Number of protein chains: 4
Amino acid sequence: MHNYALCVTKVPVGVLGASGYAGRELCHLISRHPELELRFATANDQRGSRARFSGREVVFVASEDAPLASAELVFSALPHGASKEWVSHARNAGARVVDLSSDLRPGNGCEGVPYGLTEVMREQLRGADVVANPGCYATAVLLALAPLAERGLIAADSAVVVSAASGVTGAGNSPKRELLFAEVAEDFRAYAVGNVHRHLAEMRATLAALSPVAVGASESAAVDFDLVFTPHLLPVARGILATITVTLSDDAVLAGGGPMQPWRDAYGAEPFVELARETPSIRDVAHRNVARIFVTPVAGVRRPTLLVFSAIDNLVKGAAGQAVQNGNVMLGLDETVGLPA
Amino acid sequence: MHNYALCVTKVPVGVLGASGYAGRELCHLISRHPELELRFATANDQRGSRARFSGREVVFVASEDAPLASAELVFSALPHGASKEWVSHARNAGARVVDLSSDLRPGNGCEGVPYGLTEVMREQLRGADVVANPGCYATAVLLALAPLAERGLIAADSAVVVSAASGVTGAGNSPKRELLFAEVAEDFRAYAVGNVHRHLAEMRATLAALSPVAVGASESAAVDFDLVFTPHLLPVARGILATITVTLSDDAVLAGGGPMQPWRDAYGAEPFVELARETPSIRDVAHRNVARIFVTPVAGVRRPTLLVFSAIDNLVKGAAGQAVQNGNVMLGLDETVGLPA
Amino acid sequence: MHNYALCVTKVPVGVLGASGYAGRELCHLISRHPELELRFATANDQRGSRARFSGREVVFVASEDAPLASAELVFSALPHGASKEWVSHARNAGARVVDLSSDLRPGNGCEGVPYGLTEVMREQLRGADVVANPGCYATAVLLALAPLAERGLIAADSAVVVSAASGVTGAGNSPKRELLFAEVAEDFRAYAVGNVHRHLAEMRATLAALSPVAVGASESAAVDFDLVFTPHLLPVARGILATITVTLSDDAVLAGGGPMQPWRDAYGAEPFVELARETPSIRDVAHRNVARIFVTPVAGVRRPTLLVFSAIDNLVKGAAGQAVQNGNVMLGLDETVGLPA
Amino acid sequence: MHNYALCVTKVPVGVLGASGYAGRELCHLISRHPELELRFATANDQRGSRARFSGREVVFVASEDAPLASAELVFSALPHGASKEWVSHARNAGARVVDLSSDLRPGNGCEGVPYGLTEVMREQLRGADVVANPGCYATAVLLALAPLAERGLIAADSAVVVSAASGVTGAGNSPKRELLFAEVAEDFRAYAVGNVHRHLAEMRATLAALSPVAVGASESAAVDFDLVFTPHLLPVARGILATITVTLSDDAVLAGGGPMQPWRDAYGAEPFVELARETPSIRDVAHRNVARIFVTPVAGVRRPTLLVFSAIDNLVKGAAGQAVQNGNVMLGLDETVGLPA
């Protein structure tokens, strides 16, 4: 009634920093990926211990003992600050690298490395040797705002107000009292308030890079609107929802196709961006490599204003999933292979 | 070693609509209140059934069977739309009323009834026969914004952006699929988006009433700034956090005492408003009749901007607790008696 | 570097009762199954509405409108009592059926239908036209006890004490007050106490069928030990953990290989039974079609006693996953295809 | 209409180990207690930091700096092993002590100290200088079993099977990976399996002390039944439910008043034991100093068997609340004063 015939030579890959939540998600995705093969996974604190990913057992090794040269592609999920050095080691060993830390992202003092916001930056990623994988909040916010920024639709001198909330896996799995179940359950609070979150730099730099350049302006000019970004900690394990209030430079452009037209134009053919008919929820995107976006106008205000909602799984589209998506692009594979849509 | 001598004649009170979450919280608070005595509690669907509040057993009766005249004060926690009629019945029976529904609140087509935002409207509540108890979101947002609005510190033509999140008891205890545990747990989403939430009317009307009137302007003029209000549903049972971004008309006024000076001036002596030294969390205020507020300036933006955070327990300060607080004021009791601070 | 060549003719299947939690899980698994194709999904209350499963959109139809004859295999996730009739309709239309209701399970007055506890009953399922899929609790308990029962290792006249706990999806998605988030969160309670749960019949009947028959005893004789089964409701969405205390007829038999030897003998080669080295948790098995079992002796007691722990995902191995596994066996497919291990 | 006149000289008390969950609950209860006054609270790791309990601010000091002699009664919530030494220091300074650790409990090598299972041991606590406060699980289990044990109703040579589940505050607030929100949420597992939990010793010793002594038997004889105790970790902050299966020595004794008669006889007049009409849930007892007990017979078994359910708040009746209750008894105060019923 049916038969298979398939012959795949898998690409050998490695994971640095495999014991954190993003690192584990990477191992999980790679184990299920039909064209990647996990050659090593490092976890200094847990060297020698075993973990199972999709039924496959992995023994963690120390980073120093990782056979970097055995991998064609290395994913680094090492902590911020520590990752940069290991990206160099992996490059010197001949591997290409997707770096999930913030070390090489735009706005962090290290320009020039392609930024792996796949749907927006795809052309720069093909054939790249190193890609800086975006932060989780940055992914949700930038995928939501890119269609407006690229079209110059955000009002000059306005403030884009982003209130975002993340599940606790975004804070990592190092034991901290404030992350204990009895502290987080039945609670909700803001943190990094007053525009001091680490991801603001890559958000601002990327919005500036996407915005149309005024005649005579320097290419490096910042955007002419402000960003107010306030993250919150949710009593859930995974997921990010960004609620974004944007004042439009001109509401005429939206008249034709309704408020979601710029997003339809930008993402209509994207397999990993869903344009929703109602507000997205983090449950909608859990364990999936998608951003789910909904846009609605705001009633009863003087200036044309949109609410843009963007939901992702912080560990998948906001970290490991997008990293594999970028790896697929870098390696010339089908971009969607091995990724839960 | 110790002795007591106390002689209290308790005030007889009744609760209409006692089987919902707010109604139950009312019964619970009244049972522990040293100067109130619960004479009846109505619940049409559960007439005849028994419930325990702080160790005291109550038998629910139908509203039609409630001995309204036996109560000096009646709390109505009936649904919006159904409450107004019963407020009249209770008044006709000689009782004074605190109405927890939206029926009599400002901006709902029924002006003139004192609005029970206790800390802001206290003088209008003393001796009032009927008080409209504020909505839960409105309480959190108005206590946060009143000090700025009263001083004219919100920039004209700006938009005050409110992102708020509430525990599920805010949605009542009628069985609905979207409120089932398996739907709400591990989820987070916005609702009533685009400025259509019921509480906007009372928020706008109250902010207009508080704002200084420009010379020559009509007293009924609306405020000269906009409100963008987006509520979210949290996977917690109780609590509201409002995250509010406000553009200031003038940052000079804040120079002296720092960003929290207007709130210290307004609430320094209030027993039920806490000015925090860090972002408030809903756990901080659970089961307490307090609003906890924190203010911080926003860095890296062109116009002077504040973030104001306000946390309450939606069932206590946002409903039953504030209702009892208003009852205390109406009856001339110590305002704090019987309320968990 | 790699290439594919595959040619699969998919088996057309249908789902009756697709809007409940088990029905949705079935649609989800079928959508990802490489050798099954979903031809219809019924949901009387939601006829005409759309749902997405793994990126594929499905429109629910009424049961009356289901093209039963178009399916080679029909899964019925209809409610207990209502399912039996539709199993007949599907059979009359020429389809084979996996019935997830309790209607056709042993001990429910309808003997003779093969019982789909796959690992234990596999031989009876090959080529069967109708299979009764086990209850979720029964799956966890019977997979745990079968190795002891088959070997006659449970002490005569003893009571096997089963304390089990299930996530709320086990109670279905009909709106009921006691299943609201605000009722279930931060709570835990027993239900159906005193040995009155629906699954006891199939547990007892199956244990009797598995137990060695004493010489001269009737084959239909009941087992010579008792079962005390107490289920509890957990504040989690999915998962079952059964904690089972068993008195052994003889501890000598365990001496050789340690307490897990009977389970190693029974399940050593099973792809969907995991023998753990520590107590299993429901997180270990979430979204996976596995039962995870751990056994340990009890210290400080007079008679040889084992604790057996068994964890499953109630919607996967406890319902939809095992149904697909049984479908795979019935159709002669690889038993593991399409199922998350 | 009313007036107060009260004159209370409060008893000065201190808390050793005030920063853990039980210690904080103690400070909270003492702050609301009308006849106790908190003189000091120690927390070595957090010395100098401030905490608020019921609106009162407390500054933690090191244990070495605690003015032990200023307190008439000291509560020690120090860790097991470390507490015993500080009990001596407090005694030497002239204070009486309630020790919440296991150091002085029966079965832990330190007999002779009165065991503060208040309802069962009350007479030994009046005027005691030191009381060993029971463990949380032991409280739930022993209050459930005492009426049977005292009456000799537990079948000889039977095993009492206890499956219990606790909220995570039972595991303390030291940061550990396995207690992080993302690990505990949506999970459930057993721990300390095979009869190795610390509380078994005090359970066995107390059951032996309560059981009628057979003629000729030594008073120190152990009970003639076994205990199988299996604790589980619940994804809730607080609460314990014990599900206990007991084989009766004789069911005739229950015939008269139904299965709950022994509990009615034992606890009918107890303010802090509730005999329920249905299975108790941990929500029923949260934040309350009560044990809620329900008993039901088991159908379909050979020997007369009862299920006994017992729910407490592990931090209140299972720790701080019972400690205050014991303190009330020791000091000759009204036993119920200051305790939430």
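The values are calculated or read from the model by the stated rules, or taken from the named source; none is laboratory data. Bear in mind that the values here come from a model prediction, so they are computed numbers and not experimental data. A quick note on method: Cβ atoms are made from the backbone with ideal geometry, for glycine too, and the neighbour counts reach across all protein chains shown. Accessible surface is based on the protein model in full, side chains and every heavy atom, while ligands, DNA and RNA are left aside. Shrake-Rupley method; radii C 1.70, N 1.55, O 1.52, S 1.80 Å.
Under 5 Å between amide hydrogens, built in the peptide plane, is the criterion, and for B:A164 it picks out B:T230, B:H232, B:T243 among residues at least 5 positions away or on other chains. The residues of segment C:1-132 expose, per residue, 42 Å² of accessible area to a 1.4 Å probe. Here is the list for segment A:140-182: trypsin sites (Lys or Arg not before Pro) lying in DSSP coil, each with at most 14 other C-beta atoms within 10 angstrom of its C-beta, are A:K176. Less than 5 angstrom separates the built amide H of B:T42 from those of B:V15, B:L16, B:G17, B:A18, B:V61, all sequence-distant by 5 or more or on a different chain.
Accessible surface ranking for D:D45, B:D334, B:D250, 1.4 angstrom probe, highest first: D:D45, B:D334, B:D250.
Summary for A:G257: label point 7 Å along Cα→Cβ; distances to the equivalent points in the other copies, ascending, 5.3, 6.3, 7.7 nm. Couplings for segment A:129-143, taken from phi via the Karplus curve 6.51 cos²θ - 1.76 cosθ + 1.60 with θ = phi - 60°, read 8, 9, 10, 8, 6, x, x, 5, 4, 4, 4, 4, 6, 6, 4 Hz in order; Gly and Pro are left as x.
Label-point distances for C:A276 to the equivalent site in the other copies, using a point 7 angstrom along Cα→C-beta, read 2.6, 3.3, 3.7 nm when ranked shortest first. Backbone phi angles across segment A:122-127, fed through the Karplus curve with coefficients 6.51, -1.76 and 1.60 (θ = phi - 60°), yield HN-Hα couplings of 3, 5, 6, 8, 4, x Hz in residue order; Gly and Pro are listed as x. Each Lys or Arg adds one and each Asp or Glu subtracts one; over the other residues with Cβ under 15 Å from the Cβ of A:V301, this totals -1. The share of Cα pairs per 20 Å bin across the protein assembly as shown, counted from zero up to the longest distance, runs 10, 35, 39, 16, 1, 0 percent. The value for segment D:260-300 of Rg(Cα) / (2.2 N^0.38 Å) is 1.24.
Electrostatic tally near C:N195: other residues with Cβ closer than 15 Å to its Cβ, Lys and Arg +1, Asp and Glu -1, net +2. Annotation for segment A:119-201: chymotrypsin sites (Phe, Trp or Tyr not before Pro) lying in DSSP loop with at most 16 further Cβ atoms inside 10 Å of their Cβ are A:Y191.
Backbone geometry of segment B:305-313 corresponds, through the Karplus equation with coefficients 6.51, -1.76 and 1.60 at θ = phi - 60°, to 3J(HN,Hα) couplings of 9, 10, 9, 10, 10, 9, 10, 9, 8 Hz, x marking Gly and Pro.
For segment D:1-141, which whole percent of the accessible surface, found with a 1.4 angstrom probe, sits on carbon and sulfur atoms? For segment D:1-141, the apolar C and S fraction of the accessible surface comes to 47 percent. Taking chain B as a Gaussian network, where each spring joins two C-alpha atoms under 10 Å apart, which residue of B:V87, B:V184, B:V285 fluctuates the most? Ranking B:V87, B:V184, B:V285 by mean-square fluctuation puts B:V184 first. Checking every one of the trypsin sites (Lys or Arg not before Pro) in segment C:232-341 against DSSP loop status and a limit of 16 other Cβ atoms within 10 Å picks out C:R277, C:R302. Per the Kirkwood formula applied to alpha carbons, segment B:231-341 shows a radius of gyration over Rh ratio, Rg over Rh, of 1.03. Using a 1.4 Å probe over protein heavy atoms, the accessible area lost on pairing D with C, summed over both chains, comes to approximately 3800 Å². Below 12 angstrom from the Cβ of D:F272, what's the summed charge of the other residues (Lys, Arg +1; Asp, Glu -1)? Net local charge, D:F272 excluded: -1.
Sorted from closest to farthest, the other copies place their C:A341 label points 2.6, 6.1, 6.4 nm away, with each point set 7 Å from Cα along Cα→Cβ. Dividing the helix sum by the residues of chain A, where each DSSP H run of 4 or more adds -39500 (n - 2.57), gives a mean residue ellipticity at 222 nm of -7000 deg cm²/dmol. Annotation: amide H of C:L227 within the under-5 Å range of C:V160, sequence separation 5 or more or interchain, hydrogens built in the peptide plane.
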